[in-house]
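Please read the structure below before turning to the comments.
The values are calculated or read from the model by the stated rules, or taken from the named source; none is laboratory data. No experiment lies behind these values; they were computed from the predicted model shown. Note that we place each Cβ from the backbone using ideal geometry, even for glycine, and neighbour counts take in every protein chain shown. To get the accessible areas, we keep the full protein, side chains included, count just its heavy atoms, and leave off ligands, DNA and RNA. Shrake-Rupley method; radii C 1.70, N 1.55, O 1.52, S 1.80 Å.
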Amino acid sequence: MAVLDTLTSGLRTLGHKVIEGVWRIGFAARFFFAVLMYSGTAFRRFNLTIREIYFTGVLSLIIILISGLFVGMVLGLQGYDTLQRYGSSEALGVLVALSLVRELGPVISALLFASRAGSAITAEIGLMKTTEQLSAMEMMAVNPIARVVAPRFWAGVMSMPLLAAMFSAMGVIGGYLVGVKLIGVDEGAFWSQMQSSVDVRLDIVNGVIKSFVFGIAVTLISVFEGYDADPTAEGVSGATTRTVVTSSLAILALDFILTAFMFRGVG
Amino acid sequence: MTSANLVEIDNVNFAYDSQRTILRGINMTIPQGKVVAIMGGSGCGKTTLLRLIGGQIKPTSGAVRVAGQTVHELKEDGLYALRRKMGMLFQFGALFTDMSVFDNVAFQMREHTDLPEEMIRDLVLMKLHAVGLRGAHRLMPSELSGGMARRVALARAIALDPMLIMYDEPFAGLDPISLGVIGQLIRTLNDALGATSILVTHDIMESLKIVDYVYFVSEGVIVAEGTADEIRASKMPFVHQFVNGEPDGPVPFQYPAPDYATDLQGNGRA
């Protein structure tokens, strides 16, 4: 009898969680639709979006640039170590550039963006909810989705590809410093092989598409978690954590799906 | 609607779900130009009433009419148009923390009007002057005391000269001087603007000085009503307990619990 009770209780809990999860996904979809519906303000009064681009994009630049430099430097070291075994150390430029523009640039910059800007967006909107600022806005006949959420959403979507491009550029510089200046790989071969092997459509455009999709995913998760946070200190803290965890998983899962589609049949 | 009543609450019931009924059969009228208080203990449904009037939630049954319009039947555009004629002071001000005092008060003017910035400046300074904080217009909300924040929120609430001003616990957490200042401002601004005010509070002494009429709410129903003088003279046990701040009475001191002796002999089980 006790086993049956435990089983029933377990099933009930599982069912409750599944229903709650489905309900939340539905709510998030409706929220996304509302953000798109009320995006007019974000473009009509573009200064609101520019202000958010400063907070989410410009203030994330330092961490993106420094990380990009270090990742590029590590790629330079590891790449040289592997390539010189096969006598093709001149291909270091290609390895660094392709790794960055195809994968590491969009993925790592999106992960950093989720931790730096995504968590800040969630905390800010969550605290605005907790301190009744969103309710006050509603009572002043101003739609908080149009005034608060949409500018932050579009700022994130616009910032992400630019940050990923900066990350990749810094990574290439890092790879150059280590490979050419420190180890002594031929400079001409480094740049010329990179130039001839990196394809604009296949590599760069695909990388930009990836970072654009990551930007939509991360920023949507961030604004949704903030807007849906329980209006308590614990609620905002939980929402911020969920933003980082869910965004990171979403980036990695989307990366796999996009890569599978983009590089299907290549090579 | 009676032309003299700005707000009419007609047999309103409200519940978040089947187990949590908040309001039951509420009937209330708020006449034009008056300051009306809704009083009651914490959690009795006072703030819910304000949210129903502002259209933030919909009644389970019954109707709330403001200026002749049934609030819950309005579409988004209609509701927002009605809200432009309302001002609301939230319990802790709810000032926008990323904006200065000036920008907080100017917020609605910039959102809803095409007034030039010079005129907005004059209007904002006039509103701030009315609450005695013209000199604080450059400060950020984090630099204000609780009483000052409440006054800025009041200036913001009257920014567009609303016909109805709602106050959610305007006296909570204020020192005696700020308490008196806010009380007087509520009365003065209401009369100067020709507005109507609804005051949700449990601060009986301060509110009885300024209100025209009082409704007492307990456990989701109206248990008493009358003018300030009638309330002071009331012999109703609930009103008497509330006015005199007695710890026990119709509102019991003890939260419902099993028999005391049985509980103490419960072998350490919590």
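Charge dipole (Cα centre; +1 on Lys/Arg Cβ, -1 on Asp/Glu Cβ; no other charges) of region B:37-133 amounts to roughly 560 debye.
Using helices alone, what [θ] at 222 nm do you get for the protein assembly as shown, with -39,500 (n - 2.57) per DSSP H run of 4 or more residues, divided over all residues and rounded to the nearest 500?
It lands at -18000 deg cm²/dmol.
The long axis of helix A:46-56 is offset from the longest Cα principal axis of chain A by roughly 70 degrees. Averaged over the residues of B:93-101, the number of partner chain Cβ atoms lying within 10 Å of the residue Cβ comes to 4.
Relative to the dominant Cα principal axis of chain A, helix A:187-197 is inclined by about 60°.
Kirkwood radius, region B:5-44, all distinct C-alpha pairs, inverse of mean reciprocal distance: 11.7 Å.
With angles folded into 0 to 90 degrees, how steeply does helix A:206-228 sit against the dominant principal axis of chain A? Use alpha carbons for both and round to 10. Relative to chain A, helix A:206-228 is tipped by roughly 20 degrees. Within region B:36-132, the proportion of C-alpha pairs whose separation exceeds 23 Å stands at 42%. Only Cα pairs under 8 Å and 6+ residues apart enter the sum, and on that basis the relative contact order of chain A stands at 31 percent. Given +1 at the Cβ of Lys and Arg, -1 at the Cβ of Asp and Glu and no other charges, the dipole of the protein assembly as shown around its Cα centre is 720 debye to the nearest 20. Working note: Cα atoms of region B:115-234, range along each principal axis, descending, whole Å: 51, 28, 24.
Taking B:Ala224, B:Ala192, B:Ala63 as the candidate residues, the one with maximal mean-square fluctuation in a Gaussian network model of chain B, Cα springs under 10 Å, is B:Ala192. Taking the centroid of alpha carbons for each part, region B:173-246 and region A:218-267 are 49 Å apart. Computed on region A:63-176, with alpha-carbon pairs under 8 angstrom and 6+ residues apart, the relative contact order is 59 percent.
Which percent of the accessible area of chain B is formed by carbon and sulfur heavy atoms (probe 1.4 angstrom)?
Numbers: 6840 of 13020 Å².
Here carbon and sulfur together make up 53 percent of the probe-accessible area.
The alpha carbon convex hull volume per residue for chain B rounds to 168 Å³.
Distance from the C-alpha centroid of region B:110-145 to that of region A:80-109: 57 Å, rounded to the whole angstrom.
In µm²/s, what is D for region B:85-175 at 4 °C and 1.567 mPa s, where D = kT/(6 pi eta Rh) by Stokes-Einstein and Rh is the Kirkwood radius from Cα pairs? Diffusion coefficient, whole number: 100 µm²/s. Quarter the surface of the alpha carbon convex hull of region A:183-267 and you get the mean projected area, 8.6 square nanometres.
The simple spin-label model puts a point 7 Å past each Cα toward its Cβ; for A:Arg24 and B:His72 those points are separated by 3.0 nm. Measuring against 22 Å, Cα to Cα, the residue pairs B:Lys34/B:Lys209; B:Lys85/B:Lys127; B:Lys34/B:Lys75; B:Lys46/B:Lys75; B:Lys34/B:Lys235 contain B:Lys34/B:Lys75; B:Lys46/B:Lys75; B:Lys34/B:Lys235 as the ones spanning a longer distance. Assuming 1.002 mPa s and 20 °C, estimate D for region A:41-174 with Stokes-Einstein, Rh taken as the Kirkwood radius over Cα pairs, in µm²/s. Rounded to a whole number, D works out at 129 µm²/s.
What the Cα convex hull of region B:164-264 gives, in volume per residue, is 129 Å³.
Computing Rg and the Kirkwood Rh from the Cα coordinates of the protein assembly as shown gives a ratio, Rg/Rh, of 1.10.
For region A:126-192, the Kirkwood estimate of the hydrodynamic radius, built from every pair of different alpha carbons, is 15.7 Å. The Rg/Rh ratio of region A:12-99, with Rg taken over Cα atoms and Rh as the Kirkwood radius over Cα pairs, comes to 1.29. With 10 Å bins beginning at zero, the pair-distance distribution over Cα atoms of region B:1-82 amounts to 18, 51, 28, 3 %.
For the pair region A:142-215 and region B:50-64, the centres of their Cα atoms are 51 angstrom apart.
Comparing A:Val22, A:Leu48, A:Ala34 along the charge dipole axis of region A:1-49, the residue lying farthest to the positive side is A:Leu48, per the Cβ-charge model. With all pairs of separate Cα atoms included, chain A yields a Kirkwood hydrodynamic radius of 20.4 Å. Annotation: Cα Rg of region B:126-178 relative to the compact-globule expectation 2.2 N^0.38 Å equals 1.13. Taking all Cα pairs closer than 8 Å and separated by 6 or more residues, the relative contact order of chain B comes to 23 percent.
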